[in-house]
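J.: Following this message is one structure expressed as structure tokens.
Bear in mind these aren't lab numbers, they're just calculated from the coordinates by the rules spelled out. Given the structure is predicted, the values throughout are model-derived calculations rather than measurements. Glycine also receives a Cβ, built like all others from the backbone with ideal geometry; neighbour counts cover every protein chain displayed.
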Amino acid sequence: MALYENNELRKQAEEFLSAFPGGQQTINVDNMKTLLHELSVYQIELEMQNQSLKETYQQLVVAKNSFSQLFELAPVGYLKLDQNGWIHKANQTIQKMLNLSSRQLEGHYFANFIHPDDLNIFNSRFRAFFRKPENKRIELRLLKYNGPQLQIEMSGRLITESPLPEGKNSDFLLVTIHEIGDRKRLEDELILAAKVFENSDEGIMITDEKNRILNINKSFTSITGFEPGEVIGKTPRIFRSGHHAANFYKEMWAQLMTNGRWQGEIWNLKRNGETYIAWLSITSVTDMYGKVKNFIAIFADITQRKQQEKQIKLLAHYDLLTKLPNRVLFSDRLNQAIMNASRLKEHLAILFLDLDRFKLLNDTYGHLAGDILLQDVANRLTACVRETDTVCRFGGDEFIILLTHFKDQTTAIETSQQIAEKLSNELARPYSVANTQFITSASIGISLFPSHGTSAAELIKNADSAMYYAKDAGRNNFQHYTEEMRKNALIRSSIEHDLINALPQQQFDLVYQPFIELSNDGLFGFEALIRWQHPNKGLLLPEAFLRIAEETGLIDKMGLWVLERACQQLSIWHQQGNRQLKMSVNLSSRQFLNASLFDDIEQILLDTHIPGSALILEITESMMMQNMGEAIRVMHRLKSLGVMLSLDDFGTGYSSLAYLKKFPLDILKIDQSFIQDLANDPEDKMLIKSIIDIAQNMDLLIIAEGIENQGQLEFLNKHGCQLGQGFLFSTPLSSAKLELRYKQLSAH
Ligand code: C2E
Ligand code: CA
Ligand code: CA
């Protein structure tokens, strides 16, 4: 009210009214006053309103800015779409996502920016989406300008704007666009991981930080038999097989905690109580602070592989037939034993064992029988020695036994001798093979460490040569390696060396020993025998070099030379008018089986012009028995040349008259050992009588060799032996000496 009392104001009003002529008559002052007052009130109100409008406007501007910022810079893309999918507004985020400006987006169809392969999805679902977008999501790929495609998920919200002019639809869709590439990749990785987990051939087990089982995969179940329900929540202790000591697990954990990883072989239990061997690798999984959260164990069942490995090792180191160590493993063990023995100053013994007449059994009863016998032998040998000793099958019918830990040489000799005797006795017991009782024996050679050698090779070699001495000494016995054997071995190697030059340097010669017709003293023919005129050793007999020549193969050329030379000599004597004379030549077993023998002889006969029937070839029983079928074939072929075949040293080999029938033989030579014992041994007399009988029945000529005295001659003559050979008639002589002795041999 103070305002109305304002004199200043009244004054102004009066001045104002006075400006209107006659105003004072129509509008009285009071009215004016009221009017003025109202005007001023109104003015004040207007000003106030203006002020608040201004403020509201300010606030609106601020609000608009912040909302637009929110809209533009939101971490998701916003698109305002109309019903037709037309973009009305695109925020900066989506612009950035697609690398396009608002102008390039707004006013265009959203579909323009969708990957062509996803357009169908979009088109088919957009309408429904528009009508009711709540809780709906569409996953799409968008095309980014100059960039890789974007994996997005769109969700939306209907917004209605105040009605647009001309009844235009005021509904819009505010689309929110999330980039889900990373999430997608993660999802894909998870799916992949899950697939790997489920489909891996390896068993997988995941445990928590306290090593309680969280999950196992299918392979885990198929390998171990445990179902998830039976193991989840438990610790892997339930798989312990008891195979490993506590230390094993301790070390495993120590490594796992320090390196985050453990890998190795482990024996675990299956559900059915069986043990299996796993190749296991455990990895610890830590969180971002380095704290262990999980353990992942991945394993494969390698039991079978281990078995195969074992099998392969077995094959490489053991003999399949007898299950004994083979020579590879034996060498290993021997080397090891030598090392130990030299360290401990101990002695070792090696027994080299060869079965006697094994070949005959094999040939007669077949390989299967041979195999059974070998297995039996292996068992008997193993039973005779201590567990620490090694019995090995060295090959064929050869075995080696290694005896260890002897404190001195005497003990080594005595014990090895005792064991050799025990072995001989054991092996001499009959074997039942192929429903027959079979008897064999063994020849054993023994060498000692360090007395007879310090290397494995040397010890084996020396035991082997001792074994040969045992064999030569009549089988079924044993021999220790001796100084004499060592010397012989040295001689042997020097002979071996010299033998190479003997033929080219014409150091060989032939001597001839006559065959005499016992009834009339007539000259039937000669046996050619080789001699070696050694440059420093003088004249050497065949026994000094023949075996070496055979073993080294030098016999091939040597034998051919003998054949040529003997036939040439016979040819000369034939030309002197002695066409009835025969020449007998010894064949070595190697020569006998040599494929070129037939051609060689054929050629020699042609070259020397002697008839095949004038040549006698001497072979031994062992040569025929080695491979009977082949021997018979070779013999028939040789016979087709007209040559005669003679069985040398009869009585020393298998001496089975029954076998003789199978071979195309012409002559039987009774071994000189029978002739020599004739005077003292009535059994030999009987034997010779029956040999002569049978030979005559088989139409074989008989030659008795080694006749040294009249008594022998008379006995043989009396019992119908046709031919004889021996010092009584003549020692082997050179052709020249023979020509002096038998005048008919030289020119008349
Ligand atoms: P063998 O075939 O049994 O030859 C007979 C051996 O007995 C000869 O020994 C001969 O000198 C010897 N001898 C002959 N009559 C008597 C006798 O009345 N008393 C005694 N104690 N011995 C007698 P040699 O020449 O030392 O031959 C030994 C062996 O060497 C031969 O035995 C034969 O198997 C082999 N041999 C000799 N020359 C050759 C050859 O050219 N080639 C082949 N492959 N072997 C040969
Ligand atoms: Ca002979
Ligand atoms: Ca003989």
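J.: Hey, what's the Kirkwood Rh for the stretch 490-558 if you take every pair of different alpha carbons, in angstrom? Please list the in-between numbers first.
T.: Details: mean 1/r = 0.0748 Å⁻¹.
Averaging 1/r across every pair of different Cα atoms and inverting gives 13.4 Å.
J.: Cα-Cα over 31 Å: which of LYS306/LYS359; LYS582/LYS661; LYS270/LYS313; LYS136/LYS293; LYS661/LYS718?
T.: On the way: LYS306/LYS359 38 Å; LYS582/LYS661 24 Å; LYS270/LYS313 27 Å; LYS136/LYS293 36 Å; LYS661/LYS718 25 Å.
Violating the 31 Å limit, Cα to Cα: LYS306/LYS359; LYS136/LYS293.
J.: First check a/c for the stretch 330-394, with a ≥ b ≥ c the square roots of the eigenvalues of its C-alpha gyration tensor; if it is under 1.5, answer rounded, and if not, answer prolate when a/b is larger than b/c or oblate otherwise. Can you show the working numbers first?
T.: Values: a/c = 3.42, a/b = 2.78, b/c = 1.23.
It comes out prolate by the Cα gyration axes.
J.: Then there's this: Report the antiparallel proportion of the DSSP beta bridges in the stretch 494-745 as a percent, rounded to a multiple of 5. Walk me through the intermediate numbers first.
T.: Values: 16 of 37 bridges.
Here the share of antiparallel DSSP bridges comes out near 45 percent.
J.: Between SER746 and ARG137, what is 0.36 nm times their sequence separation minus the Cα-Cα distance? Round to one decimal in nm.
T.: Details: separation 609, 0.36 × 609 = 219.24 nm, distance 12.83 nm.
Extra length from SER746 to ARG137 when fully extended: 206.4 nm.
J.: Per DSSP helix of 4 or more residues, -39500 (n - 2.57); summed, then divided by the residues of the chain. What does that give at 222 nm, rounded to the nearest 500?
T.: Result for the chain: -14500 deg cm²/dmol, rounded to the nearest 500.
J.: Positive end of the charge dipole of the chain (Lys, Arg +1 and Asp, Glu -1 on Cβ, about the Cα centre): tell me which of TRP573, LEU540, ALA128 has its Cα farthest that way.
T.: So the residue we want is ALA128.
J.: For the stretch 159-282, what are Rg and Dmax over the alpha carbons, in angstrom?
T.: When restricted to the Cα atoms of the stretch 159-282, Rg and Dmax are 25.8, 91 Å.
J.: Given +1 on the Cβ of Lys and Arg, -1 on the Cβ of Asp and Glu, and no further charges, what dipole in debye does the chain carry about its Cα centre, rounded to the nearest 20?
T.: Charge dipole, the chain, about its Cα centre: 1500 debye, nearest 20.
J.: So, one more: Can you give me the C-alpha center-to-center distance between the stretch 696-731 and the stretch 430-488, rounded to a whole angstrom?
T.: Cα centroid to Cα centroid, the span is 37 Å.
J.: Dividing the alpha-carbon radius of gyration of the stretch 263-340 by 2.2 N^0.38 Å (N being the number of residues), what value is obtained?
T.: On the way: Rg = 20.4 Å, N = 78, 2.2 N^0.38 = 11.5 Å.
The reported ratio for this selection is 1.77.
J.: About the Cα centre of the stretch 494-745, how large is the charge dipole given +1 on each Lys and Arg Cβ and -1 on each Asp and Glu Cβ? Please answer in debye to the nearest 20. Walk me through the intermediate numbers first.
T.: Details: 20 positive and 32 negative charges, 105 e Å.
Magnitude of the dipole: close to 500 debye.
J.: Regarding the stretch 177-216, what is the average projected area of its C-alpha convex hull, in nm²?
T.: 3.9
J.: Can I ask one more? What are the trypsin sites (Lys or Arg not before Pro) within the stretch 155-251 that DSSP puts in a loop, where the Cβ has at most 11 other Cβ atoms within 10 Å? It would help to have the intermediate numbers written out before the result.
T.: Working: sites: ARG157, LYS168, ARG183, LYS184, ARG185, LYS195, LYS210, ARG212, LYS218, LYS234, ARG237, ARG240, LYS250; in loops: LYS168, LYS210, ARG212, LYS234.
Loop-located and lightly packed - LYS168, LYS210.
J.: Now a separate question. To the nearest 20 debye, what is the magnitude of the charge dipole of the stretch 186-306 about its Cα centre, counting +1 on the Cβ of each Lys and Arg and -1 on the Cβ of each Asp and Glu?
T.: Working: 15 positive and 15 negative charges, 110 e Å.
Once rounded to the nearest 20, the dipole reads 520 debye.
J.: Could you calculate, for the stretch 494-745, the ratio of the Cα radius of gyration to the Kirkwood radius, expressed as Rg to Rh? If you can, show how the numbers build up before the last one.
T.: Working: Rg = 17.8 Å, Rh = 18.8 Å.
Reported Rg/Rh (Cα atoms, Kirkwood Rh): 0.95.
J.: For the stretch 689-748, which chymotrypsin sites (Phe, Trp or Tyr not before Pro) pass both filters: DSSP loop (anything but H, G, I, E, B) and at most 10 other C-beta atoms within 10 Å? It would help to have the intermediate numbers written out before the result.
T.: Working: sites: PHE715, PHE727, PHE729, TYR742; in loops: PHE727, PHE729, TYR742.
Answer in residue order: no site qualifies.
J.: With a ≥ b ≥ c taken as the square roots of the eigenvalues of the C-alpha gyration tensor of the stretch 315-481, please select rounded if a/c is under 1.5 and otherwise prolate if a/b is larger than b/c or oblate if it is not? Each step should come with its number before you reach the end.
T.: Values: a/c = 2.07, a/b = 1.62, b/c = 1.28.
Because a/c hits 1.5 or more and a/b exceeds b/c, the stretch 315-481 counts as prolate.
J.: For every other residue with a beta carbon closer than 14 angstrom to the beta carbon of PHE226, add +1 if it is Lys or Arg and -1 if Asp or Glu, then tell me the sum. Numbers along the way, then the final one.
T.: Numbers: positive: LYS218, LYS234, ARG237, ARG240, LYS270, ARG271; negative: GLU227, GLU230, GLU274, ASP301.
Value of the local net charge: +2.
J.: List the GluC sites (Glu not before Pro) within the stretch 111-203 that DSSP assigns to loop and that have no more than 15 neighbouring Cβ atoms inside 10 Å.
T.: Values: sites: GLU134, GLU139, GLU153, GLU161, GLU166, GLU179, GLU187, GLU189, GLU198, GLU202; in loops: GLU134, GLU161, GLU202.
Sparse-neighbourhood loop GluC sites (Glu not before Pro): GLU134, GLU161.
J.: Apply the Karplus curve 6.51 cos²θ - 1.76 cosθ + 1.60, θ = phi - 60°, to the phi angles in the stretch 411-417 and return the couplings in whole Hz, x for Gly and Pro.
T.: 4, 4, 5, 5, 5, 5, 5
J.: Okay, moving on. Stokes-Einstein D for the chain at 37 °C, 0.692 mPa s, Kirkwood Rh over Cα pairs, in µm²/s? All intermediate terms of the calculation are to be shown ahead of the outcome.
T.: Working: Rh = 38.8 Å.
Here the translational diffusion coefficient equals 85 µm²/s.
J.: Mind counting lysine pairs for me in the stretch 405-539? Cα separation below 20 Å, and the two need to be 8 or more apart along the chain or on different chains.
T.: Values: LYS422/LYS471; LYS461/LYS471; LYS461/LYS487; LYS471/LYS487; LYS487/LYS537.
Lysine pairs, 8 or more places apart or on different chains, close enough: 5.
J.: Another one. To the nearest Å, what is the center-to-center distance of the stretch 663-695 and the stretch 62-132, using C-alpha atoms only?
T.: 123
J.: Sticking with this structure for a sec: What is the pair-distance distribution P(r) of the stretch 74-179, computed from all Cα-Cα distances in 5 Å bins starting at 0, with each bin given as a whole percent?
T.: Percent of pairs per bin, in order: 2, 13, 23, 28, 19, 9, 4, 1, 0.
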